[in-house]
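Undergrad: Take a look at the following structure, please.
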Amino acid sequence: MTRTSFVLAMAWREGRAARRRLLLLTASVMVGVAALVAINSFTDNLRSTAQSQARALLGADIQVSSRESFSPRVTRMVDSVAGCPVDPCPSVSSVTTFSAMAYVPRTEGTRLVQVAAVTGSYPFYGSIRTDPAKAWERLQSGRQVIVDPSLLTALNARVGDSLALGETRFIITGTIVDVPGDVGVRTAFGPRIFIPGQYLAETRLLVAGSRAEYDRYVRLADAEPQATAGRLRQALKADRVSVRTVADDQANLDNALDQMGRYLGLVALIALLLGGLGVASAVYVFIRKKLETIAILRCLGASSRQLFMVYLVQAGGMGLLGSGIGALVGIVLQLVLPKVMGDFLPVDVAFAVSWPAVLIGVGTGVLVSLLFALLPLLGIRRVSPLAVLRRGYEESRRQRFDWWRVPVYLLLILSVVGLASLQVGSLLSGLGFAAGIGVVLGILALAALTLTRSLRRWFPRGLPYLWRQGLANLYRPANQTFTIVLSLGFGAFLLSTLYLIQSNLLHEFRVGSSGPRANLVFLDIQPNQRPQVEEAIRTSGFQVEPAVPIVPMRILSVQGRSVESILADSNPVGPDGQPLGRWAFRRE
């Protein structure tokens, strides 16, 4: 029998005879690979879906936005880009968004809502789904309003009711099912309602000083959006407007998806490294059970190198099996992720198997299995044929340091750096991640060594027998204290890190229910209304906080220089010679 056939045959026989013992190795790798494949595949699917639906997310080729109504000059420039010979231009739509109070007379219910006054054929790409299905197409045919379903629930209203908005009443003709590019978290600021833009003036809600966002959406016939948007930005540099394109939105979305994928991918990589520790523990226990078999094979002429390769191939085979099962589980899991995260995603993610994610996950799982199996497998090289007769003596004999451990440790460190760098796309970030993992493992290793050596030196001999036996097993030969402390500590590190990140994020957005901060705010209270409002709050048993005046304003000039001239300047500088940013000049 050749060396290769001997290695493969023995690996198969040993693995078949110890399937239950090797189940831990397979399961350890499977969990980490499943998480890695699910996250990377979901991110790839989300990115490809966003690219295919990029125009539908924006609803047009170009969007021009402003915090004040468009001047006639800006309107002419936008219409000229669309190339319209008639007015109104069918390739330009307007959407005016602002907050207001909606009132349903039948139920006497009121609610703060986000109003969108739509003029034209918006959206040009994609579609807004409503219930009933034709409600959006009939929106411009009269005083109609389409609302979020949550508004009907909050006001105890129904389709067909009258809804008062300012000085005008509309008939509720349908509810919103889906708006391309929108996410459920936006409705936290108030349910959305859509009205025809031609009736916006009748509401008398927008006057001088009102806060609103004005958007004009353009559909181009043949022109390239990025080049056209560049010329439009140059021409409107002096105006308080911003210009967006599909490519801009796609770049922002890709950046957000990359950050999410890198973060979740590192979490999955930590889980896979934790599985690697499980592999090392399983291989160590398995080899301890096989010492007599190894010694007998040495007596029959097998070399230490052949036996090392037998169990290395076995570990690789189990890792491949676990990685394959984990990849299948990951593919199934990515079907669940869109449902869990659907309210926070701007697109409906289409399912597709991402083969690069599968290959990376399986390859990483096999690599981690082999790397973490190397250290316990190095001990095979030192099993003597005499261990058949004097195993106890061979085990108790003090072993010299194995210098082959040094390149194995270096290979393990370089592999962790490489995998982390591949996951985050940055060598520096990969080094930082690997360094953090190394610090955590070093602290856990120090804790394990401190525990075993402290028990050996200061053993509590006055304890009952069961306690003494349990504690003594922590430092006796063949103990697993070191590996178990690393595994449990590393797992606790992963879970506590995720919990702390979640807790900190929630704390940043949590509205305090105690202390000096208020949890209810009244807006737009006129001076003659203030005494009655404060009296009503006191009568209800609540404390009245000091009123804070809000005065929206815009910068008109800086030391005699108009904002228009500053915005028109390609490199504006202030009186002190420092460059001026344009952000403050475009907003209130």
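Undergrad: Over the Cα atoms of the range 97-138, each weighted equally, I'd like the Debye log10 I(q)/I(0) at q = 0.15, 0.23, 0.29 Å⁻¹, rounded to two decimals.
TA: Computed log10 I(q)/I(0) values: -0.56, -0.95, -1.00.
Undergrad: Something else now. Could you order 89, 299 so the one with the most accessible surface comes first? Probe is 1.4 Å.
TA: So the residues, ranked largest to smallest area, are 299, 89.
Undergrad: Fully extended, how many nm does the chain gain between residue 335 and residue 167 (0.36 nm per residue separation, minus their Cα-Cα distance)?
TA: 55.7 nm
Undergrad: On to the next question. Given all pairs of different Cα atoms, what value in angstroms does the Kirkwood hydrodynamic radius of the chain take?
TA: 30.2
Undergrad: While we're looking at this one, here's another question. If you count, for each residue, the other Cβ atoms within 10 Å and average over each peptide, how do 460-468, 326-334, 65-73, 150-158 line up from highest to lowest?
TA: So the order, starting with the most tightly packed, is 326-334, 150-158, 65-73, 460-468.
Undergrad: May I pose another question? Quantify, in whole percent, the carbon and sulfur part of the accessible surface of the chain (1.4 Å probe; protein heavy atoms only).
TA: The C+S portion of the solvent-accessible surface of the chain is 60 percent.
Undergrad: Testing the spin-label approximation: label points 7 Å from Cα along Cα→Cβ at residue 533 and residue 446. State their distance in nm.
TA: Going from the residue 533 label point to the residue 446 one covers 5.8 nm.
Undergrad: Under the rule of -39500 (n - 2.57) per DSSP H run of 4 or more residues, summed and divided by the residues of the chain, what mean residue ellipticity at 222 nm is obtained, to the nearest 500 deg cm²/dmol?
TA: -17500 deg cm²/dmol
Undergrad: Nearest 10 degrees is fine. How inclined is helix 355-377 to the longest principal axis of the chain, computing both from alpha carbons?
TA: 30
Undergrad: Keeping all protein chains in position, work out how much accessible area residue 520 exposes to a 1.4 Å probe, and write it in Å² to the nearest 10.
TA: Its heavy atoms expose roughly 120 Å² to the probe.
Undergrad: How far is helix 23-52 tilted off the main Cα axis of the chain, in degrees rounded to 10, range 0 to 90?
TA: 20
Undergrad: Tell me the per residue accessible area of the range 449-491 using a 1.4 Å probe; a whole number in Å² is fine.
TA: Here the residues of the range 449-491 average 72 Å² of exposed surface.
Undergrad: Multiply the residue gap between residue 23 and residue 141 by 0.36 nm, knock off their C-alpha separation, and tell me the result in nm, one decimal place.
TA: 35.8 nm
Undergrad: With axes computed from alpha carbons, what is the tilt in degrees of helix 3-17 against the longest principal axis of the chain, rounded to the nearest 10 within 0 to 90?
TA: So the inclination is approximately 80 degrees.
Undergrad: Right, something else. What Cys residues in the chain have no fellow cysteine's beta-carbon under 4.7 angstrom?
TA: Among the cysteines of the chain, those whose Cβ sits 4.7 Å or more from every other are 299.
Undergrad: Taking the full set of protein chains and a 1.4 angstrom probe, give the accessible area of residue 311 in square angstrom, rounded to the nearest 10.
TA: Here the residue's solvent-accessible area equals roughly 10 Å².
Undergrad: Dividing the Cα radius of gyration by the Kirkwood radius, what Rg/Rh value follows for the range 88-234?
TA: 0.99
Undergrad: Let me ask something additional. Rounded to the nearest 0.05, what FRET efficiency do residue 153 and residue 328 have when you use their Cβ-Cβ distance and R0 = 45 Å?
TA: After rounding to 0.05, the efficiency reads 0.65.
Undergrad: Restricting things to Cα coordinates, could you compute the convex hull volume per residue of the range 219-318 in Å³?
TA: 187
Undergrad: Can you tell me the order of 407-415, 243-251 when each peptide is scored by its average per-residue count of other Cβ atoms within 10 angstrom, highest first?
TA: Ranking, from highest mean packing down: 243-251, 407-415.
Undergrad: Can I ask one more? With the convex hull built on the Cα atoms of the range 45-145, state its orientation-averaged projected area in nm².
TA: 9.4
Undergrad: ³J(HN,Hα) across the range 271-282 via Karplus (A = 6.51, B = -1.76, C = 1.60, θ = phi - 60°), whole Hz, x for Gly/Pro?
TA: Working through the residues one at a time gives 4, 5, 5, 4, x, x, 5, x, 4, 4, 5, 5 Hz.
Undergrad: Another one. Pop the C-beta distance of residue 472 and residue 431 into the FRET formula with R0 = 51 Å and round what comes out to the nearest 0.05.
TA: About 0.80, to the nearest 0.05.
Undergrad: Residue 256 versus residue 408, label points 7 Å from Cα toward the beta carbon: distance in nm?
TA: Inter-label distance under the simple model: 4.7 nm.
Undergrad: Also, quick follow-up: Which number do you get for Rg(Cα) / (2.2 N^0.38 Å) in the range 63-102?
TA: Working it through for the range 63-102, the quotient is 1.36.
Undergrad: While we're looking at this one, here's another question. For the full complex of protein chains and a 1.4 angstrom probe, list 175, 110 by accessible area with the highest value first.
TA: 110, 175
Undergrad: Where Rh denotes the Kirkwood radius from the mean inverse Cα pair distance, what is Rg over Rh for the range 527-566?
TA: 1.41
The values are calculated or read from the model by the stated rules, or taken from the named source; none is laboratory data. Quantities reported herein were computed from a predicted structural model and do not represent experimental measurements. All Cβ positions, even for glycine, are placed from backbone atoms using ideal geometry, and neighbour counts span all protein chains on display. Each accessible area value is taken on the protein alone, full model and side chains, heavy atoms only, with ligands, DNA and RNA left out. Shrake-Rupley method; radii C 1.70, N 1.55, O 1.52, S 1.80 Å.
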